[in-house]
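Here's the structure we're looking at; comments come further down.
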Amino acid sequence: MTVDAAERIARLQLARSERIGPVTFAQLLARYGTAAAALDALPGVIRKAGGAAYTAARIEDVQSEVARGEALGARLLVIGEQDYPPALAAVDPAPPVLWIRGKVELLSRDSIAIVGARIASAGGQRIARGLASQLGETGMSVVSGLARGIDAAAHWGAVPTGTVAVLGGGVDDVYPSDNRELYDRLVDEGCIVSESPPGTRAQARDFPRRNRIISGLSQGVIVVEAEIRSGSLITARLAAEQGREVFAVPGSPLDPRSRGPNSLIRDGATLCERVEDVLEALGTRVARRVRPEPPPTVALPDEVDSETLSRVEALLSPTPTPRDDLARSLTLPVAVVSGALLELSLVGRARLLPGGLASR
């Protein structure tokens with residue numbers, strides 16, 4: 001698909017606008033076909049749904065973001081472009097925009113993620129580095145999050161063959177600072193990815209989004225060391241939800257860093273002791289370069305009447321509910337319910353969540 005220059009800017013502007021998350025972005029494209037058309041329609045849609053006056057992200061701010069990215073030598077990718085990573089495009093919902101530094105072609109390879117503890121043991125780091133090196137030699141990109149410990153070890157192991165770092169902040173946010181040398185190597189020889197604007201400093205809320213991209217780029221996720229409450233286990237959970245393979249390297253029950261991987265194995269993750277365990281589990285999915293298909297697009301109605309909006313809103317609760325269940329309860333087409341949820345979300349009366357879920 002070709003996205004022209006004006007539409008690329010419109011997609012960035014829409015993605016940066018208030019109350020437009022990845023789910024809402026995808027729904028707006030489904031309804032209006034282009035981001036430019038969605039931006040034109042938004043004020044009227046929000047007014048009809050009972051919202052106050054609405055202004056999209058300022059075009060001056062969008063142009064400033066583009067200028068900052070270009071000054072870094074970074075590249076903007078928007079959903080729908082040919083070079084947008086195909087595995088990530090199949091995630092529901094996919095990030096609307098990405099900033100890239102380095103070799104964008106690494107994003108189209110078969111990929112494996114390796115994640116784990118920041119305060120990692122020497123043995124864990126050796127395992128991560130060895131797995132990354134051997135998997136890289138098979139032609140796969142190795143994806144991780146540029147954190148201390150396991151992430152850094154995995155990146156170093158795959159630098160010669162190709163590795164991708166996904167950041168919570170902007171593509172220029174080197175965190176932690178002691179990974180500066182690794183970051184510079186990845187800009188030259190690997191790839192840096194972020195959905196945040198250049199110049200953004202990572203905050204706690206950014207890391208779940210980063211983890212979702214790590215798993216979304218990959219055919220599988222390997223957890224080497226992680227405590228029970230850790231971001232690495234969040235990445236593993238997201239990978240399972242996305243239909244990716246989850247691997248775990250077992251460890252001593254006396255080490256708290258082994259509790260996460262050991263728990264994953266008890267819950268059905270594939271035990272990983274050597275690179276062959278990964279290749280056998282992925283099997284023909286990698287050998288044949290089979291890509292997951294993007295989620296089907298639901299054609300949304302151009303307008304939903306106020307009575308339908310009220311009926312859909314009345315069924316919402318703080319507990320996420322599948323839109324298909326809402327449609328059955330109301331005996332309405334799924335497309336109509338989806339259109340109503342979109343409009344309610346734009347005025348803050350509903351939350352659209354991944355997987356076709358919605359809540360109050």
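The values are calculated or read from the model by the stated rules, or taken from the named source; none is laboratory data. Fair warning: this is a prediction, and the values are worked out from it, not measured in the lab. FYI the Cβ positions are ideal-geometry reconstructions off the backbone, even for glycines, and counts take in every protein chain you see.
For this structure, a couple of remarks:
- Only residues that are crowded, with 24+ Cβ neighbours inside 10 Å and either within 18 Å of Arg118 (Cβ to Cβ) or modelled with pLDDT of 95 or more (or both) were counted in region 221-245, giving 9.
- Of all residues making up region 179-218, the number that are touching a residue at least 40 places away in the same chain (Cβ under 8 Å), part of a helix (DSSP H, G or I) and touching a Leu at 6+ places or on another chain (Cβ under 7 Å): 6
- Selection within region 143-152 - on the phi < 0 side of the Ramachandran plot and either touching a residue at least 40 places away in the same chain (Cβ under 8 Å) or surrounded by fewer than 21 Cβ atoms within 10 Å (Cβ to Cβ) (or both): Val143, Ser144, Gly145, Arg148, Ile150
- Test: residue in region 279-289 that is under 22 Å from Leu29 (Cβ atoms), at pLDDT below 85 and of a type outside the set (Gly, Ala, Ser): no
- Residue match in region 237-258 (condition: part of a strand (DSSP E or B), in contact (Cβ under 8 Å) with a residue 40 or more places away in the chain, not acidic (Asp, Glu) and not assigned by TED's automatic domain parsing to the domain that holds Leu353): no
- When every residue of region 30-41 is checked against the conditions, at least one turns out to be touching a residue at least 40 places away in the same chain (Cβ under 8 Å) and under 23 Å from the mean Cα position of the chain (by Cα).
- Cβ pairs under 6 Å, 6+ apart, first in region 69-86 and of a type in the set (Phe, Trp, Tyr), second in a strand (DSSP E or B) and surrounded by 13 or more Cβ atoms within 10 Å (Cβ to Cβ): Tyr84/Leu77
- Test: residue in region 158-178 that is part of a helix (DSSP H, G or I), of a type in the set (Gly, Ala, Ser) and over 25 Å from Val246 (Cβ atoms): yes
- Yes/no for Glu225 being in the same structural domain as Asp277 (by TED's automatic domain parsing) and either among the polar types (S, T, N, Q) or within 17 Å of Arg129 (Cα to Cα) (or both): yes
- Of all residues in region 299-328, those that are at pLDDT below 85 have Cβ atoms under 6 Å from Cβ atoms of residues that are acidic (Asp, Glu) and assigned to a helix (DSSP H, G or I), 6 or more apart or on another chain, in Val304/Glu343.
- If the condition is being among the basic types (Lys, Arg), out of contact with any strand residue (DSSP E or B) (no Cβ under 7 Å at 6 or more places or on another chain) and assigned to a helix (DSSP H, G or I), then region 2-40 contributes only Arg31.
- Taking each residue of region 345-360 that is in contact (Cβ under 8 Å) with a residue 60 or more places away in the chain and looking for partners that are among the β-branched types (Val, Ile, Thr) with beta-carbon atoms closer than 6 Å, six or more apart or interchain, yields Ser345/Thr24; Leu346/Ile46; Val347/Ile46; Leu352/Val23; Leu352/Thr24.
Results for (1) β-branched (Val, Ile, Thr); (2) under 25 Å from Gly136 (Cβ atoms); (3) surrounded by 24 or more Cβ atoms within 10 Å (Cβ to Cβ); (4) in the same structural domain as Arg16 (by TED's automatic domain parsing), shown as yes or no for each residue.
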residue	(1), (2), (3), (4)
Thr161	yes, yes, no, no
Leu167	no, yes, yes, no
Asp184	no, yes, no, no
Asp188	no, yes, no, no
Ile192	yes, yes, yes, no
Pro197	no, no, no, no
Thr200	yes, no, no, no
Gln203	no, no, no, no
Arg209	no, no, no, no
